[in-house]
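Reading through the structure tokens given below for one structure.
The values are calculated or read from the model by the stated rules, or taken from the named source; none is laboratory data. Source: prediction; values computed, not measured. Here the Cβ is made from the backbone with ideal geometry for all residues, glycine too, and neighbour counts use every protein chain on show. Accessible surface areas use protein heavy atoms only, side chains included; no ligands, DNA or RNA. Shrake-Rupley method; radii C 1.70, N 1.55, O 1.52, S 1.80 Å.
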Amino acid sequence: MSKKTFMQLSAFALALGLTACAQSPTLNSTLPMKDGEFSIDGMIFGLAEAEVFREQYDSAPVIGDTMSALPHLAPLEYTGNRVHEVRLDTFAQKVEVAPGVNFNAWTYGGSVPGPTLHVREGDRVVFTMKNRSDEPVVVTDPLRGGAPYFQQLAANPYQKHQPAVSPMPHSMDFHSGTVAADDKWRTIAPGETIRFEWVANYPGVYMYHCGTPSVLMHTAMGQYGAVVVSPKGGYPTDHLVDHEYVIVQSEFYLEKVGDEYIYDHQAAMNRNPSHVTFNGHVSALIDEPLRAKAGDRVRLYFLNAGPSDTSSFHVIGGIFDRVWYEGNVENEWRGMQTVLLGASNSAVMEFIVPESGVYKLVDHEFADAERGAAGALIATPKDSN
Amino acid sequence: MIKRARSLALCGLLVTALPAMSSQVVIPAGEFVSPVILDQEISRVWVDAFRLDVQPVTRNEFADFVRKHPEWQRDRTPRIFHDGGYLTNWLSAVEPGSAETAPVTQVSWFAARAYCEADGGSLPTLEQWEYALSVQRQQANLNDDDYAREVFAWYTQTPFISRAEDNEAMLGLLGQVNEWLEDYQLLLSNGEKIDFGGGSCGDTARMLANFDAAHYATFLRYQSRSNYTPVTTTSTLGFRCAYPEE
Amino acid sequence: MMKNGLRLNHLSRALIASFLLTAPMALAHAQDHSHRHHQHGHHQHHGEALAAAAPLTNESLYQTELSWVNQHNETVELTDLRGKPVIVTMIYASCNTACPVLVQDIRRVEQQLGDAAANTQVLVVSFDHENDTPERLAEFAEQQRANKDGWHFVTGSASDIRTWAALMGIRYRQNPNGGYDHSNVIGVLNAEGELVYRHEGLSRLHEKVAQVVRDL
Ligand SMILES: [Cu+2]
């Protein structure tokens with residue numbers, strides 16, 4: 001959230017208070033509950049059962065106006081809460097994770113990590129996913145009606161996406177949802193579509209991933225991404241922030257067989273990754289570094305997707321002025337040099353850019369940095385344009 | 001006509017080059033140690049000898065079947081038996097149109113079963129198929145690491161890396177298609193109850209007879225196969241038939 | 001199972017290679033070829049016997065034309081059930097945990113339905129084709145106080161049981177103790193034999209099931 005939208009949001013917070021009093025004093029959300037749902041502490045539970053069905057669908061595999069490609073975060077250009085109709089199909093895609101190293105990944109939306117979904121605490125997500133692993137899906141030629149994700153991908157296709165076919169059963173598990181996993185997160189076969197809802201009851205930065213067995217392989221093959229649930233009252237520094245970026249750290253376990261790279265299970269079990277990346281490529285944040293000016297306050301939404309390793313995130317030359325562990329505004333730390341995150345842990349971190357120059361972003365577990373977990377932020381002088 | 005003439009030539013070539021193609025192999029009786037623990041103990045079962053197709057059923061063979069059993073032609077087969085993708089990769093209801101000797105795919109479990117029944121056999125049971133694979137693995141001297149690599153490579157769609165010489169000894173059990181089995185759906189159980197941990201993460205340590213990459217690869221096959229529905233038709237799902245050995 | 005199971009590969013290859021095999025000839029072949037399903041008739045062939053009735057819908061499970069034997073040792077063709085809603089489940093008679101719960105749940109549905117229950121049928125298919133003879137099923141039905149009009153406790157061939165379970169989305173396997181592990185499912189078929197409702201789990205949803213039947 002930028003300075004621009006802060007005023008808008010303050011107005012919203014006021015409106016929210018009033019609406020909440022008028023309608024249902026118990027709900028966190030400005031949206032009503034549906035039949036059969038119940039509320040505890042203002043949060044909504046007891047959502048309807050998932051539907052699994054078959055549909056003819058060959059249109060945009062990612063839909064939702066707040067679905068963005070890394071490192072972007074879509075702005076929330078509305079006040080109060082709203083319903084997000086989101087589609088994120090799962091299918092195979094050949095992606096590059098290091099120069100000359102590409103593999104047939106299992107993906108959400110065609111990139112690894114998948115698109116970032118941005119919602120606000122109290123929003124409701126109506127989620128649809130078709131398992132299209134049995135068809136080649138092109139993501140570099142944006143379809144009308146698709147998410148902003150496609151334009152961002154087309155502008156910087158650093159994973160060199162190529163359609164691939166790899167029919168497999170898959171599922172979707174949103175850590176941002178509070179539901180019965182055996183219902184909503186159930187596995188669907190190629191050709192099937194699942195639809196379910198979840199309510200963003202808690203703010204934070206969350207992982208989503210495939211939970212189909214064998215889960216280590218499905219995640220190591222690329223099925224994960226981030227959901228940012230912004231607190232309904234915002235973060236206390238919203239009016240000070242100049243830039244927001246999303247970074248997802250993850251490991252790859254690849255071995256070369258012939259001319260191809262394939263999943264190396266022994267390495268995955270031994271937690272011995274061939275590559276550790278920010279945003280899915282060892283050069284993602286080096287070839288296209290993050291940008292800011294001296295004196296700017298930069299906010300990073302950071303998720304360590306694992307699947308198995310920790311991350312000790314550090315900005316060389318910076319100190320994190322504020323850190324909200326897991327992205328929840330209640331969990332505030334100050335003055336952190338490094339933020340330690342286990343697999344599927346996250347944080348919102350802010351630092352002030354001290355002067356113009358290059359600021360390396362690293363996993364300070366240097367064995368991981370050497371495997372690729374490094375990026376850069378380029379800062380121009382304070383008065384530059 | 002040109003297309004047909006070419007496929008004739010291709011067909012003739014393959015028949016002479018691989019005479020074993022149109023036959024079956026006897027899988028000798030023996031003990032099968034289940035690589036997956038389905039009932040809290042490592043199970044050892046005796047598998048009677050049976051005959052097994054030496055390769056997955058081909059598109060040509062399936063075309064012959066649908067000509068004889070028109071109710072299994074794609075435009076006549078009711079939707080309760082397939083998900084809509086049944087043989088949609090064929091030229092017409094009765095002609096594959098290309099790759100006639102390749103394994104047939106985009107067939108549902110119902111259709112695969114009907115084929116085997118019409119042919120006097122049945123789909124192999126899970127025990128039969130996995131046992132046959134273990135027998136052939138031994139015969140082909142395929143070591144555990146290479147086996148695991150082949151399985152992972154196949155599931156990640158890089159089948160051309162499987163060693164060509166393995167395929168004959170291995171009857172194409174690996175590296176060609178995922179094969180339908182009569183009882184392919186797992187029901188992981190815990191005594192009387194359905195296992196509540198099963199079917200998600202953290203199964204490996206509890207359910208593998210041996211904790212190595214080969215067993216994990218096998219478990220991946222068990223689990224992903226189990227997650228297909230009987231109406232599923234995908235471009236990598238085919239089948240072969242088993243027959244009783246008199 | 002089948003002794004006449006010679007593979008047709010040599011023949012079919014030769015025929016296709018010769019390109020003399022036109023579609024009508026293929027049909028002629030089909031008639032010669034005995035097929036297990038033909039014993040109780042298969043799709044197109046058998047459909048003529050029902051000439052009087054409208055054709056089955058594309059979603060009707062009765063297209064399988066499976067045939068069962070019930071607890072009174074009578075043959076029950078699936079198509080015999082056409083015309084009235086059917087509540088369905090799968091059990092085995094020596095099961096004393098989940099199966100009685102499923103059957104009692106269906107009895108409760110009937111109670112909820114009151115007079116309308118007379119217009120409803122119940123099909124309880126056994127997993128255990130080896131032990132669940134009609135006599136054994138009659139005994140089980142008695143124990144469950146469900147041996148009454150409109151209730152069919154049925155058995156069939158292993159293959160037909162597998163087919164039915166697949167259509168119902170029911171997983172099962174024989175466990176080492178000789179019993180069966182199985183998913184617990186209650187379903188409702190409409191008068192045309194289409195599966196309009198399916199619930200998995202022992203959550204006693206008899207009110208919901210009764211509502212589904214009433215709404216048909
Ligand atoms: Cu998956």
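Data for the structure
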{"read-out": "In sequence order, calculated HN-Hα J values of segment A:340-351 (Karplus, 6.51, -1.76, 1.60; Hz; x Gly/Pro)", "value": "8, 10, x, 4, 6, 8, 8, 7, 9, 10, 10, 9"}
{"read-out": "Per-selection Kirkwood Rh - the protein assembly as shown (Cα, Å, 1 d.p.)", "value": "29.4"}
{"read-out": "Highest to lowest packing among C:165-171, A:40-46, scored as the average C-beta count within 10 Å", "value": "C:165-171, A:40-46"}
{"read-out": "Reduction of at least 20 Å² in accessible surface, 1.4 Å probe, comparing all protein chains with the chain by itself, residues of segment A:114-161", "value": "A:D134"}
{"read-out": "Shielding by partners - mean other protein chain Cβ count within 10 Å, residues of B:61-74", "value": "6"}
{"read-out": "1.4 Å probe accessible area per residue over segment C:87-201, in Å²", "value": "36"}
{"read-out": "FRET E, pair B:E245, B:A99, Förster distance 22 Å, beta-carbon r, rounded to 0.05", "value": "0.10"}
{"read-out": "18 Å Cα-Cα reach of A:K232 towards aspartates and glutamates, excluding residues that sit fewer than 8 places from it in its own chain", "value": "A:D41, A:E77, A:E121, A:D123, A:E244, A:E326, A:E330, A:E332"}
{"read-out": "Interface size C-B, as summed buried accessible area [1.4 Å probe, Å², nearest 100]", "value": "4400"}
{"read-out": "Residue-level accessible surface for C:R82, protein heavy atoms, 1.4 Å, Å²", "value": "60"}
{"read-out": "Cα shape, segment A:60-230, gyration tensor, a/c 1.5 rule", "value": "oblate"}
{"read-out": "Inter-chain Cβ neighbour average for residues C:163-171, partner chain, 10 Å", "value": "4"}
{"read-out": "Phi to ³J(HN,Hα) by Karplus 6.51 cos²θ - 1.76 cosθ + 1.60 over segment A:183-188, Hz, x for Gly, Pro", "value": "9, 5, 8, 6, 7, 10"}
{"read-out": "Interface size A-B, as summed buried accessible area [1.4 Å probe, Å², nearest 100]", "value": "2500"}
{"read-out": "Residues of segment A:238-380: accessible area per residue with a 1.4 Å probe, Å²", "value": "36"}
{"read-out": "Threshold 40 Å² - residues in segment A:251-267 whose accessible area is reduced by that much or more when the chain is no longer isolated, probe 1.4 Å", "value": "A:V257, A:E260, A:I262, A:H265"}
{"read-out": "Å² of accessible area per residue within segment A:90-171, as computed with a 1.4 Å probe and no ligands counted", "value": "27"}
{"read-out": "Cα-Cα over 29 Å, subset of B:K68/C:K84; A:K184/A:K360; A:K360/A:K382; A:K130/A:K160; C:K148/C:K208", "value": "B:K68/C:K84; A:K184/A:K360"}
{"read-out": "Chain A - Debye-derived log10 I(q)/I(0), Cα point model, q = 0.10 Å⁻¹", "value": "-0.62"}
{"read-out": "Accessible-area composition of the protein assembly as shown, carbon plus sulfur, in percent [1.4 Å probe]", "value": "52"}
